[in-house]
1. Mind checking the range 18-86 for trypsin sites (Lys or Arg not before Pro) that DSSP puts in a loop (not H, G, I, E or B) and that have at most 16 other Cβ atoms within 10 Å?
2. Distance between Cα centroids, the range 289-327 to the range 386-417: provide it in whole Å.
3. How high is the relative contact order of the chain? Use alpha-carbon pairs under 8 Å, at least six apart in sequence, and give a whole percent.
4. Which whole-Hz ³J(HN,Hα) couplings does the range 332-342 yield from phi under the Karplus relation 6.51 cos²θ - 1.76 cosθ + 1.60, θ = phi - 60°, glycine and proline marked x?
5. Go through H11, H63 and list them by solvent-accessible area, largest first, probe radius 1.4 Å.
6. Express the carbon and sulfur contribution to the solvent-accessible surface of the range 8-47 as a percent, rounded to the nearest whole number, probe 1.4 angstrom.
7. For a test of the definition: using alpha carbon positions, the gyration tensor, and the 1.5 limit on a/c, classify the range 205-347 as rounded, prolate or oblate.
8. Projected onto the charge dipole of the chain (+1 at Lys/Arg Cβ, -1 at Asp/Glu Cβ, origin at the Cα centre), which of G396, S94, Q288 gives the Cα projection farthest towards the positive end?
Amino acid sequence: MRILHLVQRYHPAVGGAEIHLEKISTFLAAAGHDVTVVTTDSLDFELFWDPRRRRVEELTGTHDGVRVRRFPVRHLPFSQLAYPGIRRLLWLMSKMRPVPESLMLTLANYTPWVPDLWRWAASQEEPYDIVGAMTTTFEPIVAAGFRVARRQGIPFACYPLTHLGAGPRPADDALSRFYTMRHQVGLVLASDSLIAQTPAEKAYYVGQGMASDKATVVGPGVTPDEVLGGDGSSLRRRLGINGPMVLSIGAMSVDKGTVQTVEAVRRLWQAGRELDLVLIGAELTLFQSYLRGLPAADRERIHVLGSVDDDVKHDALAAATVFSMPSRADSFGISYLEAWLYGVPVIGARTWGVMDLIDEGQDGLLVPFGDAPALAGKMAYLIDNPEEANRLGENGRRKVYAGHTWDRKCQMVAQIYDHLVQSKPLV
């Protein structure tokens, strides 16, 4: 098959979607398919609205057998205000039924603004057999893929990676409404196949009108041999950690639960407990401001490692006592799987999608999103009850091997693609 994939960022950029599409693309390329990934030149996530952030300099190349083509992100004047302003305007327009989705998609093209990608999508002639696009919150990228598929009369598969939030119902809180605007949902419903992260994500789009037989729950995975092998004692020696260690991995923000994790650990420190906190991931601007506002004594006790290579991450996983990511901005959470491979108990937020992955009391614990006192209580419980912590971690490890490995997930995607190509949609 000649496969075109689109995503907002790609290797060497690091993130859940980036890893997800890279694993699928390299698997399909290794299986003999011709795979092209089209993406932006963004290395730092915040480049989408902040022109001072880092870019990937090489716009064309090959990585692990996959051809990669990048298009530069452009910026409107005062982009740090314009980008969130346009997103807010889109949210308002989404609530106004007379506003057509086509107008919303046109306005969304500025968030992020990648005009060369749209010109390429409108004019390129290279033939493909199928298009797959990931992350509908970056709808200009997904819509460009949809346009290529419809121009060529080939199937279009959508991986929405929808953050369904922490509300009483899926897509019923302040954050998730920015991931489920009418024009975003419309792109998913117009696709020939929905490749969902979780049963909750599939059920949401079926409830919006997607035919159930067009939606398949696949989700991401891990490759155990690539994740295992970390040296926890090495990291503990380097950081001077002797006792319990809480680990969090992910872009550092309120929505990812990083601030709540810090506040929970601070509560335990105030109660006289000795433990260390290690944070790994991109340090977003707002989190840096929050960190600077903490007392100096607390800042000195937090090990902020930032973006690290896999070896350091694996050492941290091997060293961890508890893994904490009480996020409402995840459609799945690969980091839970990585922690489970090391037998580490995980704590997540009681959010849609995450509740499909973590079986509370069986392989992890859940807390209400934003509830730092509850999170502190769960951390203390796991630290004080090592046998229970080991049970949860071991059950998580078994879950990974039973159904969440990349070889299994990529085989599922290959079968979906093959079926779609064998039965092309009507144009």
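1. R52, R53, R54
2. Distance between centres, Cα-based: 25 Å.
3. On the way: 849 pairs, mean separation 60.8, N = 427.
After rounding, I find 14 percent.
4. So the Karplus estimates, Gly and Pro as x, are 8, x, 4, 4, 4, 4, 5, 5, 4, 4, 8 Hz.
5. H11, H63
6. Roughly 59 percent of what the probe reaches on the range 8-47 is carbon or sulfur.
7. Oblate, because a/c is 1.5 or more while a/b does not exceed b/c.
8. Final value for the positive-end residue is S94.
The values are calculated or read from the model by the stated rules, or taken from the named source; none is laboratory data. Note that the structure is predicted; figures quoted are calculated from it, not measured. Note that we place each Cβ from the backbone using ideal geometry, even for glycine, and neighbour counts take in every protein chain shown. Note: accessible area is taken over every heavy atom of the protein model, side chains too, but ligands, DNA and RNA are not part of it. Shrake-Rupley method; radii C 1.70, N 1.55, O 1.52, S 1.80 Å.
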